[in-house]
Structures are given as structure tokens and as C-alpha cells.
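Written below as C-alpha cells is the structure these notes are about.
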2 protein chains.
Amino acid sequence: MGTLLDQRHLPALARGCAVLAAGGEGDLHLALLMARQALEEHQPVALVSPDELPDDGLVMVCGQLGTPLVSLEKIEGGDEGRRLRECVEQLWGRPVVALMGIEIGGWNGMLPVTWGARMGLPVLDADGTGRAFPEVQMMTMHLAGISASPAVMTDERGNLIVLRTVDNKWMERLARASAVELGGSASMATYNLTVAQARTATVLGSVSLAMRIGRALQSPDGDPFDVLVRTVGAFRLVSGKVLDVERRTTKGFMRGSVVIEGLGDDGDRLVRLEIQNEYLVALEQGEALASVPDNICVVDSATADAISTEQIRYGQRVTVIAFPSTPVWRTPRGIDTVGPRAFGYDFDYVPVEERLSAMGYSGGSSLNARPRSTPRRRFQA
Amino acid sequence: MGTLLDQRHLPALARGCAVLAAGGEGDLHLALLMARQALEEHQPVALVSPDELPDDGLVMVCGQLGTPLVSLEKIEGGDEGRRLRECVEQLWGRPVVALMGIEIGGWNGMLPVTWGARMGLPVLDADGTGRAFPEVQMMTMHLAGISASPAVMTDERGNLIVLRTVDNKWMERLARASAVELGGSASMATYNLTVAQARTATVLGSVSLAMRIGRALQSPDGDPFDVLVRTVGAFRLVSGKVLDVERRTTKGFMRGSVVIEGLGDDGDRLVRLEIQNEYLVALEQGEALASVPDNICVVDSATADAISTEQIRYGQRVTVIAFPSTPVWRTPRGIDTVGPRAFGYDFDYVPVEERLSAMGYSGGSSLNARPRSTPRRRFQA
């Protein structure tokens, strides 16, 4: 068996999940408290690789669907995981051998650990995005041709919904409508798959990566931003303060934007981030600095703690970073599914490193690589 | 076996279902065409009483959920009934022995005949309301303590949803949200029950009643309104022309109102009908002439054909009638569930015959019983 996750691993995991979340998927503090309680009341959780499980074993892929804001006040009842597992086992006619988070980013990266402790199930060291994305069809399993059907949803009251849809986009529509009616969010098991399928259809090692990021940030060897350069290959887009936040919760999503005013070397610059649960694009003077599927992350300028789309507020001193997405999202099918056009933007995806290099952004992945001599307000040389 | 329903029965059934619909549940012309085609392509359908079926036989209770307007353009795919039946049989682990309409009023009174012909299943001579009501918990099965769970929904594309809810009001909420997302209406099987349960938890004989009303209207013995007096105990509320119609489709319901200006003996009178899919209340000068659960029906003044909430339009010459509801709706639990307060009105239910009699409306159930000497604008003596 691989790592046995216990209380000591949780803070690092939470911190790493926040960095990988691209700002989305809820309040990590609450997720951390829930995981702590579950591990305290039950048992440590085995973090396993597919090689430690039988090929035909059934993996329940679980997460919270809905708008991040709601999860702050609408707490789990505690029985959701058990109820989903029972229904999944009935639908598949065999036992669940492990849990996997639908995405590593945010709340959903912690949830399998909480549920695994309660149910005595191992957690697969993998997820379905390598980050967080807002919609059900935005999963690596979707790219691999795995159906989101049948999916199961439940809420803290005990309502249970089984959805069988003609395709994964209908799953998004029907699951979203149910989540909205259930109060804005719901627990869900979807894209449940075999261990053999998980080997090629998921982002492997992402739980370990999250813990590695978190641990490195906990005791940074020098500047905490250097940690992000080393662990995820981050680029610094801008440092400044939050000038404006516009946010609304509508139709099961949080949508809005954030404007960051550069400070210091970035004085005179204005960078706008647009949001659908996650930070989707970073724009400066109408041009993209970075976009989905690459991960745009806002961190506290002092501590490098990630700041989610629902925590960000006026006046915060922040640094916006971006880093390359999991390679599968950079394939043509990946870009079709989660590139800027999939979110309604009228421009093509360009990998963040190419985009910045074309803008004369030198020094590769150094966070302070922006040449100080470039004209203000643009990255152009 | 009871009656074998064939093409000859359909027009009378459609006409009767329209009268019992209280204006709700869709376009009977389309429902009639669908039933005709099904009987032509398949077989006649046995209309049976519970005594002709085994007590523990499973009855699938089916209907269309959604807003009536949508059914005009969003036609069945043809496989919905089969898909629901398969899923219901799987959930219950035994075969369906008969179909029952969730309500006799409108489209849902014809649907079991169409599906019964396609699937070779008999139709139970019963339904769940004796009329039509807009919400899932407004069923006699709900009063009898039968759960709407598990319910199954499907659409013309092939999406399938199984709902298990903590109570029947949650069923209404979640089923409505899904119906809206599926395009405004969906096919549903809910409150599925045994033949023994159907004996006491449904409105028995309602399919026969609908056909009796329809037949009597087809070849009226004298004034067609006398037919309605004889068959359902109707009272005439007002005759006139439609002065104004306000209608909107929102959140899975049609809502709105109709104003009728009296003509002839009813000159100077204005009667307002309020709508949630069905006609809920008839008001004159702010006072109720009739209300749910009693059936308010608008008929063509010349032919006594029922006019639904989505067919009614400016200028039509109409007569508004009201008739007593099925007795179970007049019990305290019935009034709690479908009385005026259940629809947000701030007045108590008074049976239509008592209300009119208190207003000095003499002559009992005669359609022309309103004394000609009463002051205009009110029923008061």
C-alpha cells in the first residue's frame, strides 16, 4: 500500500488543492475541518495507485456539484457518501473498491479523503481534471470516451437522483438543474469507472502532487513563489491589489470578474480575471495573458496562499500566477472541451508559456521574469 | 374484461377529458391524434376495473409533467412509455399489469390509452385526481399516504431520471426542475401502486365518466349545457365573451388570468379566472364564485366544447361552469392539499353549491338558474 493519509497530511493537501483549484470549488478551510473530523472519528485513509487495486475493481468518482458560495453555508449531512456508494453498488452490481475525486482542485480534492475515512475505502491517487473545471463534461474521462451515466446525486436531506443521459452535456444540464433545486449544490458520483480505465482516463498522481505543493509552501526554501515555480512551473502575471470584484450566483454557477491594479514594478497595469466558478482568463488591455485550460491562480502576495473566487475581495494584495495545464487538455479534443471557445471566448488557446514568450516575457518560469524595462501596461517588448 | 377501447371510443373520451381538465393539461386534439395512431398501429385497449386484476399486480401511474403550452410543439418520441415501464419493472422487480393516468383531465386522461395500445397493457378505469391539478403532491394517492417515490422521468431524446425524495413535495420540486430543463415537459411514472392500493387510493370509474360525458355531448338530448348539469352537476357562473387573457410560461407552469365580460342576462358583469395550468378560482368584484378543488370549466357557448387555458383567447363567446370535485378533495386533508390556500389564496374553501346558494343563486344545478331579478355585477339577492 502507498501512503496512509492521517491528520498530519491534511493541511498540506488542503493547501495544494487550493493552488490547483484555479480559484474554484469552495472553501478549503471547511473541507479541511470536515476531513479532520472524519479522520479523528474513523481511520486513516490509504492513498493508492491503480497498480495496488484489481483491474476490474469499481472506482466511485465523487464530488460536490454546484456553486462554491453555497458550500459555505450548506453543510453536508454526513450520509451523502454512503448513500451514493449504496446506489452505485446497486447499479453496477458489485462493490466499490476505491474513491476518486472528480477534480483535485479545491473542496473536491479533499472530499474523497473525508468519505474514505468514514467508509473505510482507499482513495485513488488521481482525479478527473488535474485542476478544477465548472462543468460535468469538462473531465478527462469525457475525453477518454467514458460516459458520465449513470450518475447519482444526493443532498443532506436524503433525496436521491439517478440520471441516465444521452450524452455528457445532457448530464451537465440535468445535474446542474437538480443541484440548483436542491439548494445550489449537491453531492454526486459520476464517471464511475474500473481501475483499468482509471489508468489511462484520469490525471494520475494528482493527490500526491497537491500534497507536495502544500508541503513545499508550508516550509518554503526561500521565496514561496519559487516553490510554485518549482512545483507547477508557474509564471507571474501581475502583482498588485484587488481594485474591483463583481460576483453573482446564477443558474448553479458563480460568474463575475476581478480587476487587479498593479503595484510596484507593475504600477499602471490593470489585469482583469473573468470567472465561472474558476478563474477562466486573465486579460490586459483586451488581450489574454493566460486562459483555460491553463491554470490561473491568485495567491496572497505575502504568504502565497491561494485565494478562491469567492474569497477574493477589494484591497487584498495579491499575485496572479498561471501555469501549464495537464497535457491532455492541450490536445485538440481537450481544447475543444475546455479551451477559451468552450467558455464563449472568441480567441484561440495559446499555451501560457508561448503566449508570454511572444509578449517578450523573458526568463521562462521565473516569477520575477517580467523585464523591468518593458513599457508599462503591456507585456510586449 | 370490461370495455375494449377502440377508435370509436376515442372522440368521446377526448371530449370528456377536456371537460374534466379544469382547463389544464394540454391540447386534446393532439392527444386524440396520438391515441388514434397507436390504436391503428397496435391493438384495442382493455379498460378494466381493479376487480379484473390480481390484488398485488403493479399499476404504472403515468402522465406528462410540465406546462401545457409546451406539449403543443414538443411531441413524444414514442418510446417514452416503454422506457418508463422497463425502469419501473426493474425498480419493483415485477411486471406492470396495467396503466393508469395520473389524472383524467386533459392529455393525461388519453395518454394511458395511447401507451396501453403500444405496449399491449390494459388501462385501469381510475385516475389520481378526478380532474387535473398542476402539482405532483396534488393526487389522491398522496392523501392516501402513498409515496410518489421512486418516480421515473424520461424525454423524447432518451434521457432517464429516477427520483427518490424524502416526501412528495420534494418530488414536485425536483421533478418540476427536471421537466423545465428537459424543455418544459417530460413523461413520468410516479405513485406506482398495487391493484389493492388503487382500489381505495384513486378516483375509480373516471375513464368511464369521461366517455359518458363525451358521448352525451356528441348527441345532446336538448341543450348541451343540460348534459353537463346531468353528468357532472354543473352550475353556470357566467356567459359572455373573453375580454382579456394574460398568460406566461414560467418555472414549469402556465400562470395568468382571463377576464370574461357578461353578455345578455349577464350584461355588466365581469368575471376573472386565475390560472396555474388549470383554472383555479372564479372571482367577481373580488369575491370567489367558485374555487379549487371544485372544477371550473370554460366551454364554448355554442357547442359546450371545453376550452383549455392555453386555447382561450380574446373575443371567444364562452360560458363558465363549475361543478363539485371528487368527495375526497372536500375532506380537511383534501382541502389542505388542493384548496384555495394551497395555491396562495387567502380565503377558505366553500363548496360551489353552498357558495352559490348563499349568494341567492336559486335552482340548484340548473345552468340557467341565476335569478334574472338579481342586481347586476353580483350574485347576491
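The values are calculated or read from the model by the stated rules, or taken from the named source; none is laboratory data. The model shown is predicted, which means the values in this text are computed figures rather than measured ones. Here the Cβ positions follow ideal geometry from the backbone for every residue, glycine too, while neighbour counts run over all protein chains shown. Ligands, DNA and RNA are stripped out before the accessible areas are found, and what is left, the full protein with its side chains, is counted by its heavy atoms. Shrake-Rupley method; radii C 1.70, N 1.55, O 1.52, S 1.80 Å.
From the protein chains alone at 1.4 Å, what is the descending order of accessible area for A:Ser71, B:Ser219, A:Ser301, largest first?
B:Ser219, A:Ser301, A:Ser71
Using only the heavy atoms of the protein chains and a 1.4 Å probe, how would B:Asp125, B:Asp294, A:Asp56, B:Asp265 rank by accessible area, largest first?
A:Asp56, B:Asp265, B:Asp125, B:Asp294
Could you let me know the centre-to-centre spacing of region A:129-195 and region B:219-284, using Cα atoms, in angstrom?
45
HN-Hα J couplings of region B:291-298 from phi, Karplus 6.51/-1.76/1.60, θ = phi - 60°, integer Hz, Gly and Pro as x?
Working through the residues one at a time gives 8, 3, x, 4, 8, 9, 10, 9 Hz.
Using 1/(1 + (r/R0)^6) with R0 = 51 angstrom and r between the beta carbons of B:Arg230 and B:Val166, what's the FRET efficiency to the nearest 0.05?
Calculated transfer efficiency: 0.70.
Any idea what the dipole of region B:233-327 comes to, in debye rounded to 20, about its Cα centre with Lys/Arg Cβ at +1 and Asp/Glu Cβ at -1?
For this selection, approximately 320 debye.
Rounded to the nearest 100 Å², what is the sum over both chains of accessible area buried where B meets A, with a probe of 1.4 Å?
Adding both sides of the contact gives about 1700 Å².
Report the antiparallel proportion of the DSSP beta bridges in region B:1-129 as a percent, rounded to a multiple of 5.
20
Report the one residue of A:Met100, A:Ser357, A:Ala302 whose Cα lies farthest in the direction of the positive end of the charge dipole of chain A (charges on C-beta: Lys and Arg +1, Asp and Glu -1; origin at the Cα centre).
Farthest towards the positive pole: A:Ser357.
In nm², what is the average projected area of the convex hull enclosing the Cα atoms of the protein assembly as shown?
36.4
Can you give the accessible area per residue of region B:91-224, in Å², using a 1.4 Å probe?
For region B:91-224, the solvent-accessible area averages 26 Å² per residue.
When the accessible area of the protein assembly as shown is split by element with a 1.4 Å probe, what percent falls to carbon and sulfur?
49
I need the phi-derived Karplus couplings for region B:22-27: 6.51 cos²θ - 1.76 cosθ + 1.60, θ = phi - 60°, integer Hz, Gly and Pro marked x.
6, x, x, 6, x, 8
In a shell of Cβ-Cβ distance under 9 Å around B:Ala12, excluding B:Ala12 itself, what net charge do Lys and Arg (+1) and Asp and Glu (-1) give?
My count for the surroundings of B:Ala12 gives +4.
Considering only protein heavy atoms, what per residue accessible area in square angstrom results for region B:225-369 with a 1.4 angstrom probe?
On a per-residue basis, 38 Å².
Just want to confirm a number: the relative contact order over chain B, from Cα pairs under 8 angstrom separated by 6+ residues, in percent.
About 19 percent, as a whole number.
Could you give the length gained on full extension between A:Arg333 and A:Asp348, defined as 0.36 nm per residue of separation minus the Cα-Cα distance, in nm?
Additional length available on full extension: 4.1 nm.
Taking each label point as 7 Å beyond Cα in the direction of the beta carbon, state the distances from B:Leu33 to the same residue in the other copies, shortest first, in nm.
Copy-to-copy label distances for B:Leu33: 5.9 nm.
Place a point 7 Å from the Cα of B:Leu33 along the Cα-to-Cβ direction; which residues of region B:302-332 have their backbone N under 17 Å from it?
B:311
Mind listing the label-point distances from B:Gly77 to the same position on all other copies, shortest first, one decimal in nm, points 7 Å along Cα→Cβ?
Its label point is 3.1 nm from the equivalent points in the other copies.
Can you pull out the trypsin sites (Lys or Arg not before Pro) in region B:155-240 whose DSSP state is coil and whose Cβ has at most 15 other Cβ atoms within 10 Å?
B:Arg157
Arrange the peptides B:320-329, B:36-45 so that the one whose residues have, on average, the most other Cβ atoms within 10 Å appears first.
B:320-329, B:36-45
Which distance in nm do the two modelled labels at A:Ala358 and B:Arg317 give, with both placed 7 Å along the Cα-to-Cβ direction?
Simple spin-label model gives 7.3 nm for this pair.
Between B:Thr3 and residues 5 or more places away or on another chain, which pairs have amide H atoms under 5 Å apart, with H built 1.01 Å from N, and which residues are they?
For B:Thr3, whose amide H was placed from the backbone, the distant partners under 5 Å are B:Leu47.
Which of the residues in region A:168-185 lose at least 50 Å² of accessible area when you go from the chain alone to all protein chains together (probe 1.4 Å)?
Buried-area filter returns A:Trp170, A:Leu174, A:Glu181.
Do any residues of region B:142-167 show a loss of at least 40 square angstrom of accessible area between the isolated chain and the full protein assembly, using a 1.4 Å probe, and if so which?
Checking the loss per residue gives B:Arg157, B:Asn159, B:Leu160, B:Ile161, B:Val162, B:Arg164, B:Val166.
Which residue, chosen from B:Ala282, B:Ile321, B:Val259, occupies the Cα position most advanced towards the positive end of the dipole of region B:252-322, where the dipole is computed from +1 (Lys, Arg) and -1 (Asp, Glu) charges on Cβ about the Cα centre?
B:Val259
Once amide H atoms are built 1.01 Å from N in the peptide plane, which residues 5 or more positions from B:Arg131, or in another chain, come under 5 Å H to H?
Residues meeting the amide H criterion: B:Ile104, B:Gly105.
How many nm is it between the label spots at B:Arg157 and A:His42, if each spot is 7 Å from the Cα in line with the beta carbon?
Here the modelled spin labels are 3.5 nm apart.
Report, ordered by chain and residue number, the lysines lying within cross-link reach of A:Lys251, taken as a straight Cα distance under 19 Å and ignoring same-chain residues fewer than 8 apart.
A:Lys74, A:Lys169, B:Lys251
Distances from B:Arg341 to the same position in the other copies: list them in nm, one decimal, shortest first, using label points 7 Å from Cα along Cα→Cβ.
From this label point to the equivalent ones elsewhere in the assembly: 5.9 nm.
With a 1.4 Å probe and every protein chain left in place, work out the accessible area per residue of region A:1-90 in Å², rounded to a whole number.
41
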